[in-house]
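What follows is a set of notes on a single structure, which appears directly below.
The values are calculated or read from the model by the stated rules, or taken from the named source; none is laboratory data. Only a predicted model underlies this, so the values are computations on that prediction, with no experimental measurement involved. Glycine also receives a Cβ, built like all others from the backbone with ideal geometry; neighbour counts cover every protein chain displayed.
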């Protein structure tokens, strides 16, 4: 590698995009931003699918190797239900999946697009065929939420990204706690968007759900940089203490992944890489991400390399 080249932690799959709108068995505008989990010997994606009205729903895809030969449900797996859940009036978006071993189920956080703005909704499932909605658990405007897979001192924890009314306050990642996954409190600002010219200044948000490693909870997050030609969505890393997730122990100075390929640069929303899920196999990890709000793509990495890189590029938490 030449001295002026960056080492690539995430490798794009050669067959990207792995799923496009034409692969969905019914007419749609786009498919992107999929939650991901391992279910038995299959990788399961719960994909955000936008119809030709502009309303999103969720559709499942399954694959033995998590790369190709996807079996996609022939109709929406989870549709908005505005009659019983008015918070889903204009669609449901950007799912994140957490396996809860204690309850023998999966918890699904997603964005409900309500008349009052986007907010955090939560549902559970045992089979990705039937779902039990818990409804809106945090008010608008709030997005990019995911549960931790375990309790802390008897309480569930969730990361999320509220947006204040005044832009000058920025949009940051918060953590909240709950005894029952319905009633949430003890809200704390956890990871702040930086200020000034940084790649993650002003607005950040969680990407994939938190991942427990030997060094703590690995956090993949997106940073939004507003430029004269529009916004750029890039990805960075952070680390939380394994026993106390309110303690931020590391945060990357540079981004680790950015829109570079054609399918990431041009689409319904240009210059976006947006993961909602990742799946591990030992030290190997696969991230599934939306490209330019139009297609689904895959990148791979090694957890040990991500942690080593983060240790070398730990900027800390200051506004700088």
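Within the range 283-309, which residues are part of a loop (DSSP other than H, G, I, E, B) and either under 15 Å from the mean Cα position of the chain (by Cα) or at positive phi (or both)? Hits for the range 283-309 are 292, 293. Only a single item in (1) closer than 21 Å to residue 170 by Cα; (2) out of contact with any strand residue (DSSP E or B) (no Cβ under 7 Å at 6 or more places or on another chain); (3) in contact (Cβ under 8 Å) with a residue 40 or more places away in the chain; (4) not in a loop (DSSP other than H, G, I, E, B) is not met by residue 212, and it is number (1).
Among the residues of the range 151-202, those identified as in contact with a strand residue (DSSP E or B) (Cβ under 7 Å, 6 or more places away or on another chain), surrounded by fewer than 16 Cβ atoms within 10 Å (Cβ to Cβ) and not in a strand (DSSP E or B) are 179, 182, 195. Screening residue 99 on (1) in contact (Cβ under 8 Å) with a residue 40 or more places away in the chain; (2) closer than 30 Å to residue 308 by Cβ; (3) not in a strand (DSSP E or B) shows it passes everything except condition (3).
Of all residues in the range 132-148, those that are under 26 Å from residue 218 (Cα atoms) have Cβ atoms under 6 Å from Cβ atoms of residues that are at pLDDT below 95 and not in a strand (DSSP E or B), 6 or more apart or on another chain, in 141/163. Could you please let me know if residue 82 is buried (at least 19 other Cβ atoms within 10 Å of the Cβ) and in contact with a helix residue (DSSP H, G or I) (Cβ under 6 Å, 6 or more places away or on another chain)? Against the criterion (buried (at least 19 other Cβ atoms within 10 Å of the Cβ) and in contact with a helix residue (DSSP H, G or I) (Cβ under 6 Å, 6 or more places away or on another chain)), residue 82 does not qualify.
Every residue, every condition in (1) under 13 Å from residue 296 (Cα atoms); (2) touching a helix residue (DSSP H, G or I) at 6+ places or on another chain (Cβ under 9 Å); (3) buried (at least 16 other Cβ atoms within 10 Å of the Cβ); (4) free of Cβ contacts under 8 Å to residues at least 60 places away in the same chain, yes or no:
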site: 42; (1), (2), (3), (4): no, no, no, yes
site: 46; (1), (2), (3), (4): yes, no, yes, no
site: 52; (1), (2), (3), (4): no, no, no, yes
site: 66; (1), (2), (3), (4): yes, no, yes, no
site: 69; (1), (2), (3), (4): no, no, no, yes
site: 73; (1), (2), (3), (4): no, no, yes, yes
site: 76; (1), (2), (3), (4): no, no, yes, yes
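Contact map, the range 178-193: first residue without any contact (Cβ under 8 Å) to a residue 12 or more places away in the chain and on the phi < 0 side of the Ramachandran plot, second residue surrounded by 13 or more Cβ atoms within 10 Å (Cβ to Cβ) and part of a strand (DSSP E or B), Cβ cut-off under 7 Å, separation 6 or more or different chains; pairs are 185/176; 185/177.
Residue-by-condition table, conditions (1) touching a helix residue (DSSP H, G or I) at 6+ places or on another chain (Cβ under 9 Å); (2) closer than 25 Å to residue 152 by Cα; (3) surrounded by fewer than 16 Cβ atoms within 10 Å (Cβ to Cβ); (4) touching a residue at least 24 places away in the same chain (Cβ under 8 Å):
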site: 241; (1), (2), (3), (4): no, yes, yes, yes
site: 255; (1), (2), (3), (4): no, no, no, yes
site: 260; (1), (2), (3), (4): no, no, yes, no
site: 264; (1), (2), (3), (4): no, no, no, yes
site: 286; (1), (2), (3), (4): no, no, no, yes
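Of the residues 280, 249, 226, the single one that is closer than 22 Å to residue 152 by Cα and assigned to a strand (DSSP E or B) is 249. Here residue 119 qualifies as under 28 Å from residue 180 (Cβ atoms), in contact with a helix residue (DSSP H, G or I) (Cβ under 8 Å, 6 or more places away or on another chain), touching a residue at least 12 places away in the same chain (Cβ under 8 Å) and surrounded by 22 or more Cβ atoms within 10 Å (Cβ to Cβ). The test for being in a loop (DSSP other than H, G, I, E, B), over 15 Å from the mean Cα position of the chain (by Cα) and under 27 Å from residue 66 (Cα atoms) holds for residue 267. Selection within the range 216-231: residues that are touching a residue at least 40 places away in the same chain (Cβ under 8 Å) and crowded, with 19+ Cβ neighbours inside 10 Å. The member of this set that is farthest from the chain's Cα centre (by Cα) is 217.
The number of residues in the range 3-40 being loosely packed, with under 10 Cβ neighbours inside 10 Å and either in contact with a strand residue (DSSP E or B) (Cβ under 7 Å, 6 or more places away or on another chain) or within 15 Å of residue 275 (Cα to Cα) (or both) comes to 0.
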